[in-house]
Amino acid sequence: ISVLFLTFLLLFLALFPGAFNCCMKISDEISKGILRRVERFEIQKAGGLCHLEAVILHMKGKKFCVNPWNGKVKKMMKKMKHKIHRSKYHVKKQRRTRITKQKA
């Protein structure tokens, strides 16, 4: 029986590789300390293999599944997107400045 179970498990993993990356439960509360250390986040939609809507917070080898409607989480996501947008714009602006100085 164990060989049969192992065979089905391997078959399942081959057919659905992302099945174990889903959040199965979410936390409604998350501390500010954790939110400050988040390196990136993913949004999990309720559909396909994942049956729960969640935000997956990644930080140094750990991940937390939290409620996407949590106000603190929404604020953190907005800040991170704004920070990424600003840093990309800043780099482009610096490059443009260097090129114009070299031409002049």
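The values are calculated or read from the model by the stated rules, or taken from the named source; none is laboratory data. In this text, all values refer to a predicted model and were calculated from it rather than measured experimentally. Note that each Cβ is placed from the backbone with ideal geometry, even for glycine, and that neighbours are counted across all protein chains shown. Surface accessibility is based on the protein's heavy atoms, side chains included, excluding ligands, DNA and RNA. Shrake-Rupley method; radii C 1.70, N 1.55, O 1.52, S 1.80 Å.
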Next on the checklist: Being without any contact (Cβ under 8 Å) to a residue 24 or more places away in the chain and open to solvent by 50 Å² or more (accessible area, probe 1.4 Å) is the filter here; which residues of segment 54-70 pass it?
Outcome noted: 60, 61, 62, 63, 69
Next on the checklist: Any residue in segment 73-85 that is under 12 Å from residue 55 (Cβ atoms) and of a type outside the set (D, E, K, R) sitting within a Cβ distance under 9 Å of a residue that is open to solvent by 100 Å² or more (accessible area, probe 1.4 Å) and modelled with pLDDT of 85 or more? List the pairs, counting only those 6 or more apart or interchain.
Outcome noted: 76/36; 80/40
